[in-house]
Amino acid sequence: MSNGPTASDLLARLEAVSKRYGGKEGLHEVSLELPQGQAIGLLGLNGAGKTTLLKLLAGLLVPSQGRVEVLGGRPRAMRAHVAYLSDAETYPWLSPADGERLMQGLYPDFNRVRYKELLAFLEVPARPSRSMSRGQRARLRLAMVLAREARLFLLDEPLAGIDLISRDRILKTLVHQWREEATLVLSTHEVAEAEGIFDRAVFLKEGRVVLDASAEELRARGRSVRETFVEVLA
Ligand SMILES: Nc1ncnc2c1ncn2[C@@H]1O[C@H](COP(=O)(O)OP(=O)(O)OP(=O)(O)O)[C@@H](O)[C@H]1O
């Protein structure tokens, strides 16, 4: 990569990390350095290894080979500083008020004021998840995770199910608001919306990093993120 972080502003790193699921390899010898304050788009087709990579950083999986370090330690020990949004659904009974109680009990860095602002910004209705639309449930999950004052945000397809107009507004606000104070890694297939948003894009194909480029490098290629996606992943 081109940004050349020093050891002091490096937030996380993967060194030749592979992850096997039985006979199937989800990730193959991936090396990455994540500096503080970067917004990174993780792009790849279905099955490329995006969720595997995010779970390794979140300490929810251990590598079969190689080493993952977050804030200078093992990811599992750093979970108090890492906010992870999985692509799984919430509990059907969960309302925004329940979400607040749940997150407050689990994470000392949960900020109630920020949570209320996020609920309003994301227009989350005050009722249980089972009576929300899919997009509204996605917004609630996003508010719960983004209300943490974590150092590293790992968001797996956070905008899935959210309508196109709102996706654009949410993504722009989210990236611009958070990149100063924390590192953000966000996976998406929606390459069009990665245009001009991220500081850096990491393209994964069949468990391998096939391109890791800063926004300037992508611009210098003279192609859109979408064209680059098709070029390197098709
Ligand atoms: N628990 C598992 N057991 C076996 N194989 C798995 C398991 N989890 C993931 N894989 C395989 O590892 C590879 C990477 O999966 P992963 O979920 O990381 O991809 P992804 O890029 O997040 O995909 P998607 O965009 O579809 O969510 C895939 O081939 C997948 O089938």
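The values are calculated or read from the model by the stated rules, or taken from the named source; none is laboratory data. Only a predicted model underlies this, so the values are computations on that prediction, with no experimental measurement involved. Please note: Cβ atoms are built from the backbone with ideal geometry, for glycine as well, and neighbour counts cover all protein chains shown.
In the list SER187, SER166, which residue meets the criterion of being of a type in the set (Ser, Thr, Tyr) and in a helix (DSSP H, G or I)? First the steps, then the outcome.
Working: SER187 fails: in a helix (DSSP H, G or I).
Testing whether each residue is of a type in the set (Ser, Thr, Tyr) and in a helix (DSSP H, G or I) leaves just SER166.
Checking each residue in the stretch 201-226 for being surrounded by 15 or more Cβ atoms within 10 Å (Cβ to Cβ) and among the small types (Gly, Ala, Ser) picks out ALA201, GLY207, ALA213, SER214, ALA215, SER224. Looking only at the stretch 5-47, filter to residues that are on the phi < 0 side of the Ramachandran plot and charged (D, E, K, R); which one of those is modelled with the lowest pLDDT? Among those residues, the one meeting the criterion is ASP9.
Matching residues to (1) in contact with a Gly (Cβ under 9 Å, 6 or more places away or on another chain); (2) within 19 Å of LEU174 (Cα to Cα):
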{"residue": "LEU106", "(1), (2)": "no, no"}
{"residue": "LEU122", "(1), (2)": "no, yes"}
{"residue": "PRO128", "(1), (2)": "no, no"}
{"residue": "ARG134", "(1), (2)": "yes, no"}
{"residue": "MET144", "(1), (2)": "yes, yes"}
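Scanning the stretch 13-46 for residues that are farther than 24 Å from ALA77 by Cβ, near the ligand (Cβ under 7 Å from one of its atoms) and free of Cβ contacts under 8 Å to residues at least 24 places away in the same chain turns up GLY22, LYS24. With surrounded by 14 or more Cβ atoms within 10 Å (Cβ to Cβ), within 19 Å of the chain's Cα centre (by Cα), in contact (Cβ under 8 Å) with a residue 24 or more places away in the chain and part of a helix (DSSP H, G or I) as the only criterion, which of PHE198, PHE153, PHE229 stands out? On inspection, the qualifying residue turns out to be PHE229. When ARG223 is tested against (1) without any contact (Cβ under 8 Å) to a residue 40 or more places away in the chain; (2) assigned to a helix (DSSP H, G or I), exactly one condition is not met: (2). Within the set TYR91, TYR21, the sole residue that is loosely packed, with under 14 Cβ neighbours inside 10 Å and farther than 29 Å from TYR115 by Cα turns out to be TYR21. In a residue-by-residue description of the stretch 159-168, the property of being within 16 Å of the ligand (Cβ to nearest atom) and surrounded by fewer than 21 Cβ atoms within 10 Å (Cβ to Cβ) applies to at least one position.
In the stretch 47-64, the residue that is surrounded by the fewest Cβ atoms within 10 Å (Cβ to Cβ) out of those that are more than 8 Å from the ligand (Cβ to nearest atom) and free of Cβ contacts under 8 Å to residues at least 40 places away in the same chain is VAL62. A count restricted to the stretch 105-124 and to residues that are more than 21 Å from the chain's Cα centre (by Cα) and free of Cβ contacts under 8 Å to residues at least 12 places away in the same chain stands at 4.
Across the stretch 79-97, the qualifying residues are those that are assigned to a helix (DSSP H, G or I) and touching a residue at least 24 places away in the same chain (Cβ under 8 Å), and the one among them that is farthest from PRO35 (Cα to Cα) is ALA97.
Looking for whichever is touching an Asp or Glu at 6+ places or on another chain (Cβ under 6 Å) and either among the polar types (S, T, N, Q) or modelled with pLDDT of 85 or more (or both) here; the options are VAL232, VAL202. Which one fits? Walk me through how you get there before you give the answer.
On the way: VAL232 fails: touching an Asp or Glu at 6+ places or on another chain (Cβ under 6 Å).
When all the criteria are applied, what remains is VAL202.
Inspect the stretch 116-136 for any residue being more than 16 Å from the ligand (Cβ to nearest atom), modelled with pLDDT under 95, surrounded by 13 or more Cβ atoms within 10 Å (Cβ to Cβ) and of a type in the set (Lys, Arg) and give the result as yes or no. Within the stretch 116-136 (the criterion being more than 16 Å from the ligand (Cβ to nearest atom), modelled with pLDDT under 95, surrounded by 13 or more Cβ atoms within 10 Å (Cβ to Cβ) and of a type in the set (Lys, Arg)), the answer is no, since none of the residues qualifies.
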